[in-house]
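The values are calculated or read from the model by the stated rules, or taken from the named source; none is laboratory data. Note that the structure is a prediction, hence the values are computed from the model and not measured. Positions of Cβ are generated from backbone atoms using ideal geometry, with glycine treated the same way; all protein chains shown enter the neighbour counts.
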Amino acid sequence: MMVNATGSSRQGVCLLGATGSIGGSTLDVLRQHSDSYQLIAVTANRDVEGLFLICQHFQPHYAVLADERCGELFRQRINAAGLTTEVLIGRQALLEVTVLDDVDVVVSAIVGAAGLLPTLEAVKHGKRVLLANKEALVMSGHLFIEAAQQSGAQLLPVDSEHNAIFQCMPADYIVGNRAAGVRRILLTASGGPFRTYALDELRDITPDQACAHPNWEMGRKISVDSATMMNKGLELIEACWLFGMGVDDIDIIIHPQSVIHSMVDYDDGSVLAQLGNPDMRTPIANALSWPERIHSGVEPLDLPKLAMLNFEKPDFERFRCLQLAHDAWNAGGTAPAILNAANELAVDAFLSERISFLAIADMVDAAMGACEVHAASDLDQILDDDRLARNYVEQYIGGKR
Ligand code: NAD
Ligand code: MG
């Protein structure tokens, strides 16, 4: 029987971003394995009712709401229902629950830069970190890899492509290093809902159209990123950090069925791929139980029914965000943090119908041209440049109205 640091036979899990799409898929996997995993802490931003229902079902020891006002409502709701879950409120509490002694695994499923500090805290404390929050890694990949090396934390990718690449790496592979014998990585992309649209047809896209992804059901921010293909741009940078490679070692391949989740091309000509139905429970279950395998609830792949798998080259001109991400990696330093911050703000403005779909790339491009890039060696510099890029885009949008 495996025993954790506090003598429990079950692994303790802290789920950051429990009310989101990845949060929901993680809870589904945990529900199937309550004999091996115990939910110790859950967090959300503002979703009082969503977090309450999770607490009712799983009875975690702690629940955190980052937003102070919603936190008070949440505390009243938990007390009125007589639940024993201890309620913590505010952003600092997100960090506190990741480092609890009885937490062995931290699932990082907050969207955007808000996930950076709690995730980094978990890495510094040597936890097993299941990383879905790609924005944190894009902003400060160097700090993450360094912290993991120092603390011995296991960083396991949950993003489906990166989890696929990880699975195709040698058995003794440690994240952050370039594996011997690897020639390149083939990073697959569905192409999003507008893969076949001409540039002209992209002008009047609405938020609901952008959020209707053909293969995956996800949160609204990543859905818009998939539609602009900034998601693949962020994933390109994520792959550079996780697998110790440069953007020129990684080819993006459009694969509209999302069945091959990415591939690794070795020097001897072998190309290893990981396939499966597009369902995030597979990479979550894989990372949770690695190096063992557990049931995830995902249906077996029906290849005859699929019949065909297609591949295309990406179009860096229609999907400018791909090129911008490429440029950000090559510029180095805080350039990826600037790219990410400008994109987060622009996507938010698009979702609240303040700017058009095509203006997202304009904003990111403008911010990258205007904001000075610094060495990304410390967190304060990264957070400063993140703030400057957000201020820049905010003013840019204000000036346009
Ligand atoms: P989502 O919007 O569905 O959920 C986001 C979660 O983060 C929610 O629980 C929300 O309460 C919390 N949150 C948001 N802002 C916060 C803040 N300021 N402070 C604290 N908590 C906050 O997002 P999602 O689709 O589940 O994506 C989560 C992360 O996983 C993203 O980084 C995304 O890129 C990545 N990811 C998602 C998928 C997917 O299929 N959804 C796939 C791969 C990677
Ligand atoms: Mg992905």
Q | Residue check for His57: away from ligand 2 (no atom under 16 Å from the Cβ) and either of a type in the set (D, E, K, R) or in contact with a His (Cβ under 9 Å, 6 or more places away or on another chain) (or both) | A | no
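Okay, residues lined up against (1) within 16 Å of ligand 1 (Cβ to nearest atom); (2) small (Gly, Ala, Ser); (3) within 12 Å of the chain's Cα centre (by Cα):
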| site | (1), (2), (3) |
| --- | --- |
| Ala114 | yes, yes, yes |
| Lys124 | no, no, no |
| Lys127 | no, no, no |
| Ala132 | yes, yes, yes |
| His142 | no, no, no |
| Ser151 | no, yes, no |
| Ala164 | yes, yes, no |
| Cys168 | no, no, no |
| Tyr173 | no, no, no |
Q) Out of segment 87-111, which residues are part of a helix (DSSP H, G or I), of a type in the set (S, T, N, Q) and buried (at least 21 other Cβ atoms within 10 Å of the Cβ)? A) Thr98
Q: Exactly one condition in (1) touching a helix residue (DSSP H, G or I) at 6+ places or on another chain (Cβ under 7 Å); (2) on the phi < 0 side of the Ramachandran plot is not met by Gly369; state its number.
A: (1)
Q.
I'd like the full set of residues that are surrounded by fewer than 17 Cβ atoms within 10 Å (Cβ to Cβ) and under 18 Å from Ile254 (Cβ atoms), limited to segment 197-211.
A. Tyr197, Ala198, Leu199, Glu201
Q) Counting only residues that are among the aliphatic types (A, V, I, L, M) and not in a helix (DSSP H, G or I), how many does segment 64-86 have? A) 5
Q) Is there any pair linking a residue in segment 51-69 that is over 11 Å from Ile40 (Cβ atoms) to one that is of a type in the set (S, T, N, Q) and away from ligand 2 (no atom under 16 Å from the Cβ), with Cβ under 6 Å and at least six apart or on different chains, and which? A) Leu51/Thr19; Cys55/Thr85; Val64/Thr43; Ala66/Asn45; Asp67/Asn45
Q. Within segment 302-338, how many residues are within 20 Å of Gln257 (Cβ to Cβ) and either of a type in the set (S, T, N, Q) or in contact with a strand residue (DSSP E or B) (Cβ under 6 Å, 6 or more places away or on another chain) (or both)?
A. 4
(Q) Just the residues that are buried (at least 17 other Cβ atoms within 10 Å of the Cβ) and assigned to a loop (DSSP other than H, G, I, E, B), please, taken from segment 157-172. (A) Val158, Asp159, Met169
Q. Among all residue pairs at least 6 apart or on different chains, which show Cβ distances below 8 Å where the first residue, located in segment 349-365, is within 18 Å of Glu201 (Cα to Cα) and the second is of a type in the set (Asp, Glu)?
A. Ser356/Asp204; Phe357/Asp204
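Taking the residues in segment 73-95 that are in contact (Cβ under 8 Å) with a residue 12 or more places away in the chain and out of contact with any strand residue (DSSP E or B) (no Cβ under 7 Å at 6 or more places or on another chain) as candidates, determine which candidate is farthest from ligand 1 (Cβ to nearest atom).
Thr84
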Q. Which condition does Gly192 not pass, out of (1) assigned to a helix (DSSP H, G or I); (2) surrounded by 24 or more Cβ atoms within 10 Å (Cβ to Cβ); (3) small (Gly, Ala, Ser), if it passes all the others?
A. (1)
Q.
Please go through segment 1-28 and give me each residue that is at pLDDT 95 or above, under 14 Å from Val105 (Cα atoms) and surrounded by fewer than 24 Cβ atoms within 10 Å (Cβ to Cβ), ordered by number.
A. Arg10, Gln11, Gly12, Leu27
Q.
Need a quick list: helices (runs of 4 or more DSSP H) entirely within segment 271-365 having at least 3 residues that are surrounded by 22 or more Cβ atoms within 10 Å (Cβ to Cβ).
A. 281-289, 320-331, 335-351
(Q) Could you check segment 5-31 and list, in sequence order, the residues that are out of contact with any Asp or Glu (no Cβ under 8 Å at 6 or more places or on another chain), more than 16 Å from ligand 2 (Cβ to nearest atom), of a type in the set (Gly, Ala, Ser) and not in a helix (DSSP H, G or I)? (A) Gly7, Ser9, Ala18
Q: Would you please name the residue that is nearest to ligand 2 (Cβ to nearest atom), looking only at residues in segment 134-143 that are touching a helix residue (DSSP H, G or I) at 6+ places or on another chain (Cβ under 6 Å) and more than 21 Å from Leu186 (Cα to Cα)?
A: Ala136
Q: Being in a strand (DSSP E or B) and within 15 Å of Pro283 (Cβ to Cβ) is the filter; apply it to segment 233-261 and report the residue that is farthest from ligand 2 (Cβ to nearest atom).
A: Ile260
